[in-house]
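All remarks here apply to the structure that follows.
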Amino acid sequence: MTPLRLYAILYLVFLYAPIVLLPVFAFNDGTVIAFPLRGFTLEWFRQLAEIPALHAAVLNSLAIAIISAFIATLLGICAARAGTRYAFPGKKGILGLIMLPLVLPEIIVAVSLLVVLLQLGLPLGMWTVILGHVLICTPFSIAILNSAFQSLDRSLEEAAVDLGETRWSSFRLVILPLVMPGIISSLLIAFTISLDEFIIAFFLTGTDPTLPVYLWGQLRFPQKIPVVMALGTLLVLVSVILLTVAEYFRRRGAARTGQKDAGGFL
């Protein structure tokens, strides 16, 4: 075994071992998160249905994730379309500034947004969290949609215009259907990122916490840890399903436009 292969195996084990242990303890009949296991139980999953505060946090997170995904994808469509179709002054600088949240630590983004919002006198709540999530999700949407728009043949749009369509109708009837797999992929990725995001939500949430913030609060109570493990197992399962569907649509879009697949999320 080569050193590089050994390093890759050790890295994957280190990365995914905690995720594998999550369902193990979620089904363990014991409140202490330690080996040896006591037995199999579904009690912790049953308790999830009896916590009203958890249900409210789930609804808050779903609403925030859906709205953030739609806004981020809409902005991503506009930015990717402009970046791949048109030339304008300062194009590289503007696009680089938009993509900056990808490399900035989230704690810096969260604190900066908190200071700005407090200075503007805006109350913290659901819409401030959406604002923060749109900020960090938009670069991911642009990165996904850029490849979808770059692979398009401009002659298709030009042919539609020559046949009497307007720029808007050619975009709606020709371009959007071709990039629809990328749009769906962007929506799913942005939804997943927003649903799982903690740091920005922790700083910008008001009296109605999101699901990750609620989970963080439950970690103070040792007797609640198994229930948190059960909920974490469900979240991991949902995230894997969403990422798998997003990857499917990404590959479908690449195959549809004849673009060489250089790898994706999975």
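The values are calculated or read from the model by the stated rules, or taken from the named source; none is laboratory data. Everything quoted here is computed from the prediction, not taken from an experiment. Every residue, glycine as well, gets a Cβ built from its backbone with ideal geometry; the counts of neighbours run over all protein chains shown.
Cβ contacts < 8 Å: first residue more than 21 Å from SER61 (Cβ to Cβ), restricted to the range 169-198; second residue outside any helix (DSSP H, G or I), any location; separation 6+ or different chain. Result?
Close Cβ pairs satisfying both conditions: LEU173/GLU165; VAL174/GLU165; ILE175/LEU152; LEU178/LEU152; VAL179/LEU152.
Looking at this structure, is LEU114 more than 18 Å from the chain's Cα centre (by Cα) and in contact (Cβ under 8 Å) with a residue 24 or more places away in the chain? Walk me through how you get there before you give the answer.
Details: more than 18 Å from the chain's Cα centre (by Cα): yes; in contact (Cβ under 8 Å) with a residue 24 or more places away in the chain: yes.
For LEU114, the condition - more than 18 Å from the chain's Cα centre (by Cα) and in contact (Cβ under 8 Å) with a residue 24 or more places away in the chain - is met.
In the range 23-116, which helices (runs of 4 or more DSSP H) lie fully inside it and hold 2 or more residues that are surrounded by 12 or more Cβ atoms within 10 Å (Cβ to Cβ) and of a type in the set (Val, Ile, Thr)? Talk me through it step by step, then tell me what you get.
Numbers: elements: 43-47, 52-85, 91-98.
Of the helices (runs of 4 or more DSSP H) lying wholly inside the range 23-116, those with at least 2 residues that are surrounded by 12 or more Cβ atoms within 10 Å (Cβ to Cβ) and of a type in the set (Val, Ile, Thr) span 52-85, 91-98.
Determine the pairs where a residue that is closer than 13 Å to ILE225 by Cα, located within the range 16-42, has a partner that is part of a loop (DSSP other than H, G, I, E, B) and charged (D, E, K, R) with Cβ atoms under 7 Å apart, the partner being 6 or more residues away or on another chain.
ASN28/ARG38; ASP29/ARG38; GLY30/ARG38
Can you spot a residue in the range 233-248 that is buried (at least 20 other Cβ atoms within 10 Å of the Cβ) and over 18 Å from the mean Cα position of the chain (by Cα)? Walk me through it before giving the result.
In the first step, residues of the range 233-248 are kept if they are buried (at least 20 other Cβ atoms within 10 Å of the Cβ); the result is 246.
Now drop any that are not over 18 Å from the mean Cα position of the chain (by Cα), which leaves none.
Checking the range 233-248: not a single residue is buried (at least 20 other Cβ atoms within 10 Å of the Cβ) and over 18 Å from the mean Cα position of the chain (by Cα).
Quick one: is ILE189 in contact with a Cys (Cβ under 9 Å, 6 or more places away or on another chain) and among the aliphatic types (A, V, I, L, M)? Walk me through how you get there before you give the answer.
Working: in contact with a Cys (Cβ under 9 Å, 6 or more places away or on another chain): yes; among the aliphatic types (A, V, I, L, M): yes.
Taking the combined requirement at face value, the residue satisfies it.
Go through (1) modelled with pLDDT of 75 or more; (2) out of contact with any Pro (no Cβ under 6 Å at 6 or more places or on another chain); (3) of a type outside the set (Ser, Thr, Tyr) and name the single condition PHE198 misses.
That leaves (2) as the condition not met.
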